[in-house]
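The values are calculated or read from the model by the stated rules, or taken from the named source; none is laboratory data. These numbers come from a predicted model, not from an experiment. Don't worry about glycine lacking a Cβ; one is built from the backbone with ideal geometry, like all the others, and counts go over all protein chains shown.
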């Protein structure tokens, strides 16, 4: 029986086609796990505004406009 992949594993499997920086990948993973801008910023040592900027670039690169569509893209169901 095959083991279901976690969101982290799915992201890693599909990440090569996203062309995201390492930091963008970190932020995207925290974001889809429902961390706030403030929580992500605190964890990564950056401001909430920087988190917001990264998420904006992630949305542009992945051509998504919501957290739900980001999740679908990451797990390969877009």
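Worth a mention:
- Residue within the stretch 59-68 that is in a helix (DSSP H, G or I), touching a helix residue (DSSP H, G or I) at 6+ places or on another chain (Cβ under 7 Å) and modelled with pLDDT under 80 present: no
- Where helices (runs of 4 or more DSSP H) fall entirely within the stretch 5-58, those with at least 3 residues that are surrounded by fewer than 15 Cβ atoms within 10 Å (Cβ to Cβ) and out of contact with any strand residue (DSSP E or B) (no Cβ under 6 Å at 6 or more places or on another chain) are at 7-14, 37-44.
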